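Input: a single structure, listed below in structure tokens.
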Amino acid sequence: MEDLKKRKMDEAIINGSAETLTTQDYLRSLLDPLNKPQLVDLLSRLGSQYPSIEEEIKSLASADPVHRKLFVRGLAWNTTSETLCAEFRMHGEIEEGSVIYDKATGKSRGYGFITYKHMESAKSALGAPSKLIDGRMAVCNLACEGLTGATTTPDLTQRKLYIGGLSPEISSEMLLHFFGRYGEIEEGSVAYNKDTNESRGFGFVTYKTVEAAKKAIDDPHKLLGGRTITVKLADTHKGKTVQMQSPAPMVPVPVPMAAAGFAQPGKAPVGSGTPVGYPYHQTVASYPASSYPNPPVAPAPYPTQSQVSYAPVSAKKELLGLSSTPPVGMGGYPYYYPKQ
């Protein structure tokens, strides 16, 4: 009898587990087609109504580092991992923290990561995202939000300013102190050379409100470190491009044709118009063969005449009483008779 009861209890347990599995699979099949916003809305409503579901959601979220890992940008080139952790330790226990270095040069890349042990610590750190570390205003946000993080707001272009004409002696702390008079600063620093760690003569300041940025631009008195500095929207400075002068457009010039309207010899005629005064491809009439007589035959050549012999010159001189041998004068030069 007892064996029968035990067997029935085991069968009930097995059947109950099967029903549970069947119900879970059925619910999963219902939830699977839903999109993410629908699931988030459903779980948030269930969590607010049932404390057990709320605790389950918090446990899953805290176990995932996506809610505990922060991305910190705007670090100075000399900031170390120890300095970074020391600044963020005030918000809670840190599980891991480090500055990212370039593998080739071994120098800091200007950003790092902080992973807290508890989700509440990360939330506390995000309450004050801007921190002055080693003279530079660093900003943190959740690492899952990417490199830009929470600053990718629609009005960022109206809050971020470019500061030019800075003296080499101006540090980031002096820059932030000077522009802090116009409003609360979200982040800002002087731009430094990575190799020499020297100022590049300009910097950036991002205010938390658009009104503070407008005050900084409209104020005409901007003298910092003995120099008059330039202040304008960073987006305007970034988008400034050098306009290249485009060459003048080429205008086609018509080539004048000949008076008769024909093209040059050896080339096809230009245009479809008929030449002025002359029809193109004029038909030439054929002339009869009897119109022109045959050319006359050339007369016979004249008879050749015999050559006439003439007496030599010396014979003529002898007839005139002159010697054929010319006389010789003084110095061996020939002597000529005067013309008679």
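The values are calculated or read from the model by the stated rules, or taken from the named source; none is laboratory data. Please read all numbers here as calculations on a predicted model, not as lab measurements. Neighbour counts run over all protein chains shown; Cβ positions are idealised from the backbone, glycine included. Keep in mind that these areas ignore ligands, DNA and RNA; they rest on the heavy atoms of the full protein, side chains included. Shrake-Rupley method; radii C 1.70, N 1.55, O 1.52, S 1.80 Å.
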Worksheet, complete the sentence: Summed over the other residues with a beta carbon less than 15 angstrom from that of residue 144, with K and R at +1 and D and E at -1, the charge totals +3
Worksheet item: Could you name the aspartates and glutamates in cross-link range of residue 222, using Cα to Cα under 19 Å and dropping any fewer than eight places away on the same chain?
Response: 169, 173, 184, 211
Response to the item:
Neighbours of residue 104 by Cβ distance under 14 Å: Lys/Arg at +1, Asp/Glu at -1, summed charge +2
Worksheet item: With θ set to phi - 60° and the Karplus curve 6.51 cos²θ - 1.76 cosθ + 1.60, what are the ³J(HN,Hα) couplings of segment 84-94 in order, to the nearest whole Hz, using x for Gly and Pro?
Response: 5, 5, 5, 6, 9, 6, 5, 8, x, 6, 9
Worksheet entry | Nearest-20 debye value, segment 50-169 charge dipole, Cβ charges on Lys, Arg, Asp, Glu | 440
Worksheet entry | Pairs from 107/160; 103/194; 123/208; 103/160 whose Cα-Cα separation, in the structure shown, is over 21 Å | 107/160; 103/160
Worksheet item: Sequence-distant or interchain residues sharing an amide H contact under 5 Å with residue 186, placed H: which?
Response: 206, 207, 208
Practice prompt. Calculate, for segment 58-217, the solvent-accessible area per residue in square angstrom, rolling a 1.4 angstrom probe over the heavy atoms of the protein chains.
Written response: 51
Discussion item. Given a 1.4 angstrom probe, I'd like the percentage of the accessible area of segment 71-136 that is carbon and sulfur, rounded to a whole number.
Written reply: 51
Worksheet item: What list of ³J(HN,Hα) values in whole Hz, one per residue of segment 104-109 in order, does the Karplus curve 6.51 cos²θ - 1.76 cosθ + 1.60 (θ = phi - 60°) give from phi, with Gly and Pro shown as x?
Response: 7, 9, x, 9, 5, 9
Item to complete: Quickly work out the residue 157-to-residue 22 label distance, labels modelled 7 Å from Cα along the C-beta direction, and quote it in nm with one decimal.
Response: 6.1
Item to complete: Describe numerically, in nm with one decimal, the distance between label points set 7 Å from Cα along Cα→Cβ at residue 101 and at residue 48.
Response: 4.9
Worksheet, complete the sentence: The ³J(HN,Hα) series, computed from each phi in segment 42-55 with the Karplus coefficients 6.51, -1.76 and 1.60 at θ = phi - 60°, rounded to the nearest Hz and given as x for glycine or proline, is 5, 5, 5, 6, 5, x, 6, 8, 10, x, 5, 5, 4, 5
Worksheet item: Counting Lys +1, Arg +1, Asp -1, Glu -1, what net charge surrounds residue 46 among other residues with beta carbon under 11 Å of its beta carbon?
Response: -2
Discussion item. So if I place +1 on the C-beta of Lys and Arg and -1 on the C-beta of Asp and Glu, and nothing else carries charge, what would the dipole magnitude of segment 102-172 be about its Cα centre? I want it in debye, nearest 20.
Written reply: 140
